[in-house]
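The values are calculated or read from the model by the stated rules, or taken from the named source; none is laboratory data. Model, not experiment: these values are computed from the prediction. Don't worry about glycine lacking a Cβ; one is built from the backbone with ideal geometry, like all the others, and counts go over all protein chains shown.
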Amino acid sequence: MTRMTFLVFFAAALTAGAQGPGPMPGRGPGRGFGPGGGGARFLGAEAGMPGRVVKNAPFSADIVTESTQTLPDGNHIRQTNTVKMYRDSEGRTRREQSPNLGGLSGGAAMPSLVFIHDPVAGVSLSLNATDKTGTRSTFTPGGRGRGAALYQQNGIQSARPRRNAANLKTESLGTQNIDGVMAEGRRTTMTIPAGQMGNELPLQIVTETWYSSELQTVVYEKRTDPRYGETVMRYTNVSRAEPSPTLFAAPSDFKVTEAARPRPRAAGPGQNQ
């Protein structure tokens, strides 16, 4: 896998689901890849359409994610990631990010990446703003994507593992103003019983989520997990103004190539070709 391809998949994982989830039920962070050590964490991969299309709710905002992990010796690992997000009234989205890959970058400067999703034209663009290159892929508007992220972490929407409702407690937190938008909050506590994963005592994973009906997305989420630490995702610098149409197309001086389509799998023994 080339360096650029790796960066595209990594950054897509960090920004997947920025269209916002549906109503508050259905949100719930899960684990990343591995127990959350130092450096970058692999959070999944975005393929096909990144989420449902949200119309008539334009905005722009900075999505800031901060994670803190406490090590057994009392040391702390803190990481911060910021994504600039735009969405217009037709549901087009644009995400801008310079990936924070930690030690995986080898000290090299990381390019600024831009991901544009246009459900009207049926086009997705992945752009490297540093060297002015990119890839373009097409899809059928209104269809389903070819894949989705596997878990939800750092405010990323994805499929969630099933949970035992008996070990899940949810409480309402009322409403409050978060960076200029009203949001409804809830706190979910999931308890992992003693012995379920080798733990001597029960483990409690607490997630505080604030959902904005105006933006149709979660604008604040705080997750505390004794296994992996604390992660906070929040929207800042929120503007309800309609973004410029030029943000949802590749600049004319970019060299954009068509993305390679995946090859169909060969049929196994006893299967039809």
Open item on the list: Q176 - would you say it is surrounded by 13 or more Cβ atoms within 10 Å (Cβ to Cβ), out of contact with any His (no Cβ under 7 Å at 6 or more places or on another chain) and either small (G, A, S) or closer than 30 Å to S89 by Cβ (or both)?
Closed with: no
TODO: For G142, indicate whether it is part of a loop (DSSP other than H, G, I, E, B), modelled with pLDDT of 65 or more, among the small types (G, A, S) and buried (at least 18 other Cβ atoms within 10 Å of the Cβ).
DONE: no
TODO: Go over the candidates S172, S252, S212, S244 one by one and state the one that is of a type outside the set (D, E, K, R), at pLDDT below 95 and out of contact with any helix residue (DSSP H, G or I) (no Cβ under 6 Å at 6 or more places or on another chain).
DONE: S252
Open item on the list: Can you list residue pairs whose Cβ atoms sit under 8 Å apart, with the first residue in the stretch 129-153 being under 21 Å from L113 (Cβ atoms) and hydrophobic (A, V, I, L, M, F, W, C) and the second being surrounded by 12 or more Cβ atoms within 10 Å (Cβ to Cβ) and at pLDDT 90 or above? Count only pairs 6 or more apart in sequence or on different chains.
Closed with: A129/E96; A129/L113; A129/V114; F139/G122; F139/V123; F139/S124
Task: Matching entry among S60, S89, S67 (being in contact with a Lys or Arg (Cβ under 8 Å, 6 or more places away or on another chain) and not in a strand (DSSP E or B)) - done: S89
TODO: Would you point out the residue of the stretch 105-128, among those that are at pLDDT below 90 and surrounded by fewer than 15 Cβ atoms within 10 Å (Cβ to Cβ), that is farthest from R261 (Cα to Cα)?
DONE: G107
- [ ] State whether the residues of the stretch 226-249 include one that is over 23 Å from the mean Cα position of the chain (by Cα), farther than 30 Å from R92 by Cα and surrounded by fewer than 16 Cβ atoms within 10 Å (Cβ to Cβ).
- [x] no
- [ ] Within the stretch 181-215, track down each residue that is within 20 Å of the chain's Cα centre (by Cα), among the aliphatic types (A, V, I, L, M) and under 30 Å from G91 (Cβ atoms).
- [x] A183, L215
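For every residue, the table says whether it meets (1) modelled with pLDDT of 95 or more; (2) closer than 30 Å to K222 by Cβ.
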| site | (1), (2) |
| --- | --- |
| T82 | no, yes |
| E90 | yes, no |
| Q97 | no, yes |
| G102 | no, yes |
| T130 | no, no |
| T138 | no, no |
| A149 | no, yes |
| R163 | no, yes |
